[in-house]
Amino acid sequence: KKKIMNKIIGGYYPYNYEIDTLNILKILEKNNYSISLPKINKNNKMSFYEWSFKDPLSINTYGIPEPISKKKVSPEILLIPLVAYDKELNRLGYGGGFYDRYISSIPFDKKIIKIGLAFSFQKVDKIPIKKYDKKLDYIMTEKNLIQ
């Protein structure tokens, strides 16, 4: 197992019945990880910005809280919400393609760990994948870790 101390974690603010990441992020921050949250830019691209639990948030046009911070960061570990997943580590999101576009924008030489967070009941037999869809490295549910 690799040590992941001092890494930047790209979390998300739970919305729409997604897995609540706030407790996870709180524990990570207490253990000196850098936390960041996504912000949707004007061109519908997503970027991650530094955030801490002591920092304020603003509500974006989708009704999702996002950081006010201007400090853009590049997370090494991404916690990704999903609607459904399969045993092949494919995910179905909300259809906006924000995470797929973000992951596609990462340079090939930069390794990023993509962890989907889901409830076990969100598992389906097969996710229909398109050419732009990005596989996850892990899916963590309340019951197990799929890799």
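The values are calculated or read from the model by the stated rules, or taken from the named source; none is laboratory data. Because the structure is predicted, anything quoted here is derived from the model rather than measured. As a convention, Cβ positions derive from the backbone with ideal geometry for all residues, glycine included, and neighbour counts pool all protein chains shown. Calculation scope for accessible area: heavy atoms of the full protein, side chains included, ligands and nucleic acids excluded. Shrake-Rupley method; radii C 1.70, N 1.55, O 1.52, S 1.80 Å.
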Notebook entry, point to check: Counting alpha carbon pairs within less than 8 Å and at least 6 residues apart, what relative contact order, in whole percent, applies to the chain?
Noted result: 21
Next item on the list: Using 0.36 nm per residue of separation minus the Cα-Cα distance, give me the extension gain between Lys72 and Tyr17 in nm, one decimal.
Entry: 17.1 nm
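Restricting to the chain, compute how many DSSP beta bridges are antiparallel as a %, nearest 5. Mind showing how you got there, number by number?
Working: 14 of 28 bridges.
Bridges in the chain are about 50 percent antiparallel.
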Checklist line | Efficiency of FRET between Tyr138 and Lys30 - r from beta-carbon atoms, R0 30 angstrom, step 0.05 | finding: 0.85
Note to self: Once you place label points 7 Å from the Cα toward the Cβ at Ser52 and Lys110, how far apart are they in nm?
What the structure shows: 2.3
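I'd like the antiparallel share, as a percent to the nearest 5, of DSSP beta bridges with both residues in region 1-85.
Around 65 percent antiparallel, to the nearest 5.
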Checklist line | Of Lys7/Lys134; Lys39/Lys72; Lys7/Lys71; Lys110/Lys134; Lys87/Lys123, those spanning more than 19 Å from alpha-carbon to alpha-carbon | finding: Lys7/Lys134
Check: Is it possible to state the helix-based mean residue ellipticity at 222 nm for the chain, with each DSSP H run of 4+ residues giving -39500 (n - 2.57), the sum divided by total residues, to the nearest 500 deg cm²/dmol? What is it?
Finding: -3000 deg cm²/dmol
Note to self: Under 4 °C and 1.567 mPa s, how fast does region 4-147 diffuse according to Stokes-Einstein, given a Kirkwood radius computed over C-alpha pairs? Answer in µm²/s, whole number.
What the structure shows: 83
Checklist line | Accessible surface of the chain [probe 1.4 Å, protein heavy atoms]: carbon and sulfur percent | finding: 56
Check: Any idea of the accessible area per residue across the chain, 1.4 Å probe, to the nearest Å²?
Finding: 64
